[in-house]
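These notes are about the structure you will find just below.
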Amino acid sequence: MHQHSLTAANCLAENSVPIFDRVLGRLATAIGVEIVLLSGCNETAMVAGEADVAWACGLLTRQLITAGQMDADIVAAPIFLGESRPVYHSVIAARRESGFESLSDCAGSRLAINETGSWSGHHGLAAHLGESGHSLTMFGEVVETGSHHRSVAAIERGDADVAAIDHTVWEHLVATPDVTDLVVIERTSDWPAPPFSIGRSLDVEIRERVLEGLLGIGSDDVEGLAGVVQVSAGDYDLMRRDEQPAG
């Protein structure tokens, strides 16, 4: 079956955009099919089945697939630079002047989260706190900002005291002169990296070629990644354990 073009959706933070652009460029060359990236953070396209390839939070992807809202399969995940496995974690950031040295110092403080459905900014933090017998109720206030970047800005403005930030977003931000007054007071354990998924409506041959193209990405092919490896939905069971109803 001849495929003229594919569509792709990215529902991760801004720092992922150039990485995904390069992934799609390598993938299009490998399979010989144009891939059109849908604009914006396009969860709607994922649900509507308009995205043949998607890169999104593992929690979101699992929720949509499990609820029957997304007809796709989790097939691969990136290995970020500095990692040997397809994992990522969150850093807990606070103002340098706060005096906080760990999460145990943050009782009663104001927590900024990017959104309630986020793993790295919300549910993953809850899971991390649970490992030490704590919970999100330790915070005096929870402020929803809409993105990791806005959570960082909220701390800098003094509208929040602490936030859990995807470590790849954090590394991107601290590489710029924009973030100077914040420090990392704690790091969470590792979780499965945000997965790539492929729509089930694609022709079987095209699906196989897309997967082969993803897995063919090596350490010298995409700046920001050390490679891409095969994974499955079962690799994200940890996130499903703490999953909340989508809404």
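Treat every Asp and Glu Cβ in the chain as -1 and every Lys and Arg Cβ as +1, leave all other atoms uncharged, and give the resulting dipole magnitude about the Cα centre to the nearest 20 debye.
Values: 15 positive and 36 negative charges, 35 e Å.
Dipole of the chain, to the nearest 20 debye: 160 debye.
Separation between the residue 87 and residue 205 pseudo-spin-labels, each 7 Å from Cα along Cα→Cβ, expressed in nm?
Output for this residue pair reads 4.1 nm.
If you roll a 1.4 Å probe over the chain with all protein chains in place, what percent of the accessible area is carbon or sulfur? Let's see the in-between values first.
Working: 5190 of 11140 Å².
Its accessible area is 47 percent carbon and sulfur atoms.
Taking the Cα centre of region 23-90 as origin, work out the dipole magnitude from +1 charges on Lys and Arg Cβ and -1 charges on Asp and Glu Cβ, in debye rounded to 20. Don't skip to the answer; put the middle values down first.
Details: 3 positive and 7 negative charges, 54 e Å.
It works out to roughly 260 debye.
In Å, what Kirkwood hydrodynamic radius results for region 152-194 from the alpha-carbon pair distances? Intermediate results must be reported in sequence, preceding the final value.
On the way: mean 1/r = 0.0866 Å⁻¹.
Computed over region 152-194, the radius equals 11.5 Å.
When only alpha-carbon atoms count, how far does region 1-92 stretch along each of its three principal axes, as whole angstroms with the largest first?
Ordered largest first, region 1-92 gives principal extents of 45, 32, 22 Å.
How much length is gained if the chain between residue 115 and residue 215 is pulled fully straight, taking 0.36 nm per residue apart and subtracting their Cα-Cα distance, in nm to one decimal? Write down the numbers at each step before the final one.
Numbers: separation 100, 0.36 × 100 = 36.00 nm, distance 3.07 nm.
Contour length minus the Cα-Cα distance gives 32.9 nm.
How much mean residue ellipticity at 222 nm does the chain get from its helices, if each DSSP H run of length 4 or more adds -39500 (n - 2.57) and you divide by all residues, to the nearest 500 deg cm²/dmol?
On the way: 8 runs with 74 residues, N = 247.
Taking each H run of at least 4 residues, the total per residue is -8500 deg cm²/dmol.
Along the principal axes of its C-alpha atoms, what lengths does region 167-247 span, in descending order and rounded to whole Å?
51, 37, 23
With every atom except the alpha carbons ignored, what do you get for Rg and Dmax of the chain, in angstroms?
18.3, 62
Can you tell me what share of the DSSP beta bridges in the chain is antiparallel? A percent to the nearest 5 is fine.
Taking every DSSP beta bridge within the chain, about 65 percent pair in antiparallel fashion.
Relative to the present Cα-Cα distance, how much length would full extension add between residue 104 and residue 44 at 0.36 nm per residue of separation?
Numbers: separation 60, 0.36 × 60 = 21.60 nm, distance 3.81 nm.
Full extension from residue 104 to residue 44 adds 17.8 nm.
Out of residues 5 or more away from residue 182 or on other chains, whose amide H comes under 5 Å of its own, with H placed 1.01 Å from N in the peptide plane?
Hits under the 5 Å cutoff: 96.
Tell me the angle of helix 16-31 to the major Cα principal axis of the chain, expressed in degrees between 0 and 90 and rounded to the nearest ten.
With rounding to tens, the tilt is 20 degrees.
Once phi is turned into ³J(HN,Hα) by the Karplus curve 6.51 cos²θ - 1.76 cosθ + 1.60 with θ = phi - 60°, what whole-Hz value does each residue of region 151-162 show in order, with x for glycine and proline?
5, 4, 5, 5, 5, 4, 6, x, 7, 8, 9, 7
Taking only C-alpha pairs under 8 Å that are 6+ residues apart, what is the relative contact order of the chain in percent? If you can, show how the numbers build up before the last one.
Values: 486 pairs, mean separation 76.2, N = 247.
31 percent.
Between residue 160 and residues 5 or more places away or on another chain, which pairs have amide H atoms under 5 Å apart, with H built 1.01 Å from N, and which residues are they?
The answer is 155.
Each label point is 7 Å from the Cα along the Cα-to-Cβ direction; what then is the distance between the points at residue 189 and residue 17, in nm?
3.5 nm
The values are calculated or read from the model by the stated rules, or taken from the named source; none is laboratory data. Just so it is clear, the structure is predicted and the values come from calculations on it, not from any experiment. Backbone-built Cβ (ideal geometry, glycine too); neighbour counts: all protein chains shown. Quick note on the areas: whole protein, heavy atoms, side chains included, nothing else; ligands and nucleic acids left out. Shrake-Rupley method; radii C 1.70, N 1.55, O 1.52, S 1.80 Å.
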